[in-house]
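Encoded as structure tokens, the structure appears first; notes follow it.
The values are calculated or read from the model by the stated rules, or taken from the named source; none is laboratory data. Here the structure is a predicted model, which means the values were calculated and not measured. As a convention, Cβ positions derive from the backbone with ideal geometry for all residues, glycine included, and neighbour counts pool all protein chains shown. Each accessible area value is taken on the protein alone, full model and side chains, heavy atoms only, with ligands, DNA and RNA left out. Shrake-Rupley method; radii C 1.70, N 1.55, O 1.52, S 1.80 Å.
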Amino acid sequence: IVREPQAFLFDEPLSNLDAKLRVAMRIEIRKLHNRLKATSIFVTHDQVEAMTLADTVVVMNGGQIEQVGAPTDVYRKPASKFVATFIGSPAMNILSGRIAAPGVVETKAGRLAFDANVYRVAVGQNVDVGVRPEDLGFADSGEGLGFAPELTEELGATRLFHGLSGDEELVVAIAAAERVEPGHLVAAAPGNVHLFDAVSGRSLRG
């Protein structure tokens, strides 16, 4: 810092700190970055650090770059199943599915609508369906996925409902302020349903 370099390299600098100190140091590093205006390359396995510190996130898997983008883009438009499950806590739900009709994907436990203008898929194609826990909600009727709740985690501001959709694990995140009874059907808005190639794991976005 004293020598005013053009770039700073951080290699997991917060990994050995306790949780409270990590949060404090994360804020201090971001303040330093804003003040010095120098390029910083920050290596971390902690997705919270990546999301809160970075202007641009580079997600790597086995030495290969999976996606480069702004934190919100990486979170909302993952380029692969790996990125989708790596970024976000709890991780994105991934279910096996098949395209049943234009704009409709079918899993073992029901159907979800997806944005047919975004994904290039053919009827009958096998896909992996991704939905973030916070994008799911309980429904009384209509199109959705069957859900058998097994346990609930109370996290203060959020409640996590863990259970099965067919024979696949599913997590639903609901704000604690929402007083809902866990039902046996969950649904998501079409824009929040992601489709991935069942073999390569790459996003099927057009």
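Annotations
- Cα Rg, Dmax, the range 60-142, angstrom units: 14.0, 45
- Restricting the range 170-206 to trypsin sites (Lys or Arg not before Pro) in coil, as DSSP defines it, with at most 13 other Cβ within 10 Å: Arg179
- Just checking the listed ones, Gly183, Gly63, Gly142: in the Gaussian network model of the chain with Cα springs under 10 Å, the one fluctuating most is Gly63.
- Extension gain for Ile27-Ala176 works out to 51.0 nm (0.36 nm per residue, less the C-alpha to C-alpha distance).
- Accessible area, probe 1.4 Å, largest first, for residues Val105, Val121: Val121, Val105
- Comparing Thr56, Thr107, Thr158 in a Gaussian network model of the chain where C-alpha atoms under 10 Å apart are linked, the largest mean-square fluctuation is found at Thr158.
- Most fluctuating residue given options Ala188, Ala84, Ala139, as computed from a GNM of the chain linking Cα atoms under 10 Å: Ala139
- Relative contact order of the chain, pairs being alpha-carbon contacts under 8 Å that are 6 or more residues apart, as %: 17
- The apolar share of the surface of the range 74-206, taken as the fraction of accessible area on carbon and sulfur atoms (1.4 Å probe, ligands and nucleic acids excluded), comes to 50 percent.
- Between 0 and 90°, nearest 10: helix 19-36 axis offset from the chain longest Cα axis: 60
- Contour minus Cα-Cα distance for Leu151 and Asn126 (0.36 nm per residue): 6.0 nm
- Sequence-distant contacts, meaning Cα pairs under 8 Å at least 6 residues apart, place the relative contact order of the range 125-206 at 40 percent.
- Using a cutoff of 8 angstrom between alpha carbon atoms and counting only pairs six or more residues apart, the relative contact order for the range 28-97 works out to 19 percent.
- Here the ratio of the Cα radius of gyration of the range 9-160 to 2.2 N^0.38 Å is 1.28.
- Qualifying GluC sites (Glu not before Pro) in the range 110-152, where qualification requires a DSSP coil assignment and no more than 16 other C-beta atoms within 10 Å, comprise Glu143.
- MRE, 222 nm, helices only [DSSP H, n ≥ 4, -39500 (n - 2.57), over the chain, to nearest 500]: -5000 deg cm²/dmol
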